[in-house]
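Quick notes on the structure that follows.
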Amino acid sequence: MSQSTIHSTLSFEHPCFSNHGARVARMHLAVAPYCNIKCAFCRPTVNPCIHGCAPGLANEILTPQQALERLRRVREGGIDIRIVGIAGPGEPLANPETFETLRLIKAEYPQIHLCLSTNGLFLPENASRLAQLGVETLTVTVNAHTPNVAVHIYEHVLGERGENAVRRLLECQRTGVKEAVKAGLVVKINSVYVPGVNDDDILQISQEMRAIGATLQNILPVIARDTMAKVTPPDADQLEQMRERCGVNLEQFVRCKHCRADAIVDAEPSCAGK
């Protein structure tokens with residue numbers, strides 16, 4: 001799939017869906033604290049003193065009304081926010097505040113484009129709801145294709161462990177992507193690359209997700225933390241080779257900045273939390 005094909009599926013510029021470095025101001029609203037799964041490399045952290053660029057980090061959790069007010073203040077401060085996303089710090093679809101936030105923003109700022117990130121577990125039953133609320137772009141994080149690999153990445157799914165639990169997650173991710181595409185959302189697949197663990201699965205993910213309608217894949221080097229604190233992330237050559245392998249199947253996104261759950265990004269690349 002060519003980059004021009006990606007652009008043809010969107011009526012607007014989105015920096016997280018374009019390799020051309022689109023300069024569009026955007027922000028993430030941290031309204032979703034609870035997560036319904038546990039990834040071995042992730043520990044969502046809410047702390048006003050925390051710094052750095054990584055998913056799952058936020059200074060504070062906002063209520064939907066506070067999120068709307070935050071957006072107002074940022075726009076009044078001179079940043080022309082065009083895209084608002086909800087990416088955590090937990091799982092957006094596991095928190096009812098996500099849906100209320102989307103509703104409030106779309107009601108007051110119908111011109112703003114809405115975006116959401118999800119692990120996909122609750123996506124099948126929520127895909128059409130997201131479309132109805134005005135979400136246009138969706139990122140689904142899929143890190144494994146087979147249960148025997150998934151058990152090394154996902155410590156639990158809704159508190160359950162083992163292959164049956166992760167099999168449920170993988171099935172929901174596949175069904176959810178299909179439903180999201182059917183509902184008219186443009187879908188990007190995030191895949192965290194853990195060398196020696198999911199090398200072959202990431203290639204299979206690129207094949208399957210293209211077949212069911214995903215538009216783009218973003219292969220991310222694992223951030224060594226939590227249970228996987230001692231793993232060795234892929235080096236630049238490994239990452240490039242993996243992208244080349246998967247790029248035969250699905251267009252690769254290569255400009256990811258590991259944005260925080262509360263990132264505010266002006267027209268220039270940044271991941272600063274405000």
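The values are calculated or read from the model by the stated rules, or taken from the named source; none is laboratory data. Keep in mind it's a predicted model, so treat the numbers as computed, not measured. Neighbour counts are summed over all protein chains in view; Cβ atoms, including those assigned to glycine, are modelled from backbone coordinates with ideal geometry. Just the protein is used for accessible areas: all its heavy atoms, side chains included, with ligands, DNA and RNA removed. Shrake-Rupley method; radii C 1.70, N 1.55, O 1.52, S 1.80 Å.
General observations
- Given K178/K230; K188/K230; K38/K257; K38/K188, the pairs whose alpha carbons are separated by over 26 Å: K178/K230; K188/K230
- For the chain, the fraction of 1.4 Å probe accessible surface lying on carbon and sulfur atoms is 50 percent.
- Where region 1-155 is the region considered: accessible area per residue in Å², 1.4 Å probe: 40
- Region 194-241: trypsin sites (Lys or Arg not before Pro) in DSSP coil with no more than 10 other Cβ atoms inside 10 Å: K230
- Secondary-structure-derived ellipticity at 222 nm for the chain, considering helices only, amounts to -10000 deg cm²/dmol, per-run term -39500 (n - 2.57) for DSSP H runs with n ≥ 4.
- Dipole magnitude (debye, nearest 20) for region 20-167, charges at Cβ of Lys, Arg, Asp, Glu: 300
- Simple spin-label estimate for Q204 and N164 in nanometres, 7 Å along Cα-Cβ: 2.1
- Ranking P55, L121, A87 by how far each Cα lies toward the positive end of the dipole of the chain (charges on Cβ) leaves A87 at the top.
- Relative contact order of the chain, defined on C-alpha pairs under 8 angstrom at six or more residues apart (%): 24
- The Cα atoms of region 25-265 define a convex hull whose projected area, averaged across directions, is 12.1 nm².
- Each Lys and Arg Cβ is given +1 and each Asp and Glu Cβ -1; about its Cα centre, the chain then shows a dipole of about 360 debye.
- Subtracting the Cα-Cα distance of N148 and C53 from their residue separation scaled by 0.36 nm leaves 31.2 nm.
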